[in-house]
Every structure is written in C-alpha cells, then in structure tokens.
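Let me begin by presenting the structure, written as structure tokens, before commenting on it.
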Amino acid sequence: MVAAATAAVLALGCLQGSTADAQAVGEVSAPSETCHGTRPKGGPAGHDSPAETPLERTVLYVDKLATGRHAAIYTGLVLDEDAVSVDIYRIPSAPFDKAVCEAAEKGVTVRLHDPDINERGLNALLDLISEDMNRWDGTFTLREAGLDGTGFIEIGVDDPDKAEPVLREALGPRNAKYLRVQYAPQAHLL
C-alpha cells in the first residue's frame with residue numbers, strides 16, 4: 001500500500017511539473033529559501049518508508065505535511081529527479097518550512113516558493129472555470145484545465161487570444177493573475 005502511495009505521489013508530482021515537458025522553475029518564481037537535506041535515510045521519527053530514493057521519501061513526507069496540519073498553506077510542488085530536488089509552493093510558514101527542511105534527506109535540495117494562494121483556493125477557481133464548460137461556447141472551446149503545481153491554473157483552449165480576456169474578465173483581476181491560458185489541441189480517442 002505504501003508503494004502504491006509512493007507511485008501516486010510521484011505520478012502527481014510528475015503531472016504537476018517534473019522536468020519532462022515542464023516550464024523551468026526559474027520562469028515561475030525565485031525561491032525564498034533553499035535548504036539541502038542532511039538527514040540520514042529514513043528521516044524523522046515516523047518518516048520511515050519503503051520508497052527507494054531519498055527524493056521519494058522526502059516527497060512522501062511533504063505530502064503528509066501538505067495533507068495534514070499544513071493543508072491551509074500548501075499550493076503544490078514540482079519534482080526534478082535529475083537534479084534530486086523539489087520545489088515546494090506554499091504560503092510562507094515557518095513551522096512548515098522547518099519541518100520540510102529538517103525532513104529532507106541527504107542529497108535532496110528543497111526550494112521553497114511564496115505564492116499568495118493555497119491549493120484549496122486554486123481548486124475553487126478551477127471549479128469555477130470548469131464547472132460549466134459550455135458557458136464559454138461560442139467564444140472559445142475549453143479543452144483542458146488543471147493546476148500546474150506552482151500556484152497557477154493552466155487552461156488549454158482552441159483560441160488563447162479570444163479566451164484569455166474573457167476568462168480574465170469573468171474571474172476579475174485578483175483571480176485572473178493565477179491563469180495561464182495556452183493553446184491545446186482537440187483530444188482524440190485512441
């Protein structure tokens with residue numbers, strides 16, 4: 001069961017922006033803090049895991065924190081397996097930062113970024129956008145929408161030039177800053 005959880009967390013991290021086909025982390029924001037793991041294999045008490053690599057074990061621990069007592073500040077993460085690093089996006093929190101940095105295993109680099117919205121807020125916006133996909137018909141076709149792990153919602157449409165101003169107006173300036181509108185091809189069944 002833990003192996004399945006490891007696979008799910010790593011798959012989620014990959015979907016949220018691992019090195020394959022992802023924007024460079026530097027394009028998103030500069031980290032406010034960087035820490036380098038020093039903890040030996042296994043991490044803090046209760047952190048033991050059958051995960052195979054220090055990065056996997058560190059990410060599993062971050063997932064426990066992000067779905068537990070720190071859920072209100074967590075936004076997302078991006079893995080870079082080649083560099084053995086994880087970029088974590090969260091509303092700044094000294095207790096969360098300390099727990100993550102202390103749990104990072106030797107060889108893992110953790111970079112902490114400061115978005116001003118959490119995952120719950122992004123999901124609420126995502127629901128608002130995709131709740132009634134037909135709402136946008138006649139203006140543009142919404143083809144895909146999802147969180148990118150860095151504090152943004154990626155929106156795939158047929159015509160970004162038409163869609164972006166409509167979405168920004170519908171969401172208002174405060175919420176529109178979290179959008180990244182781009183072209184997405186029509187999906188086809190295989």
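Observations on the model:
- When the pairs LYS98/LYS177; LYS41/LYS98; LYS64/LYS98 are compared against a 25 Å limit on Cα-Cα distance, LYS98/LYS177 fall above it.
- For ASP97, solvent-accessible area (1.4 Å; no DNA, RNA or ligand), Å²: 10 Å²
- Summarised as an ellipsoid, the range 33-113 has semi-axes of 18, 14, 11 Å, derived from the eigenvalues of the Cα gyration tensor scaled by 5 and square-rooted, with the largest first.
- Two-site FRET efficiency, ARG180 against THR38, from Cβ-Cβ distance with R₀ of 35 Å, rounded to 0.05: 0.50
The values are calculated or read from the model by the stated rules, or taken from the named source; none is laboratory data. This is a predicted model, so every value here is computed, not measured. We place every Cβ from the backbone using ideal geometry, glycine too, and count neighbours over all the protein chains shown. Accessible surface is based on the protein model in full, side chains and every heavy atom, while ligands, DNA and RNA are left aside. Shrake-Rupley method; radii C 1.70, N 1.55, O 1.52, S 1.80 Å.
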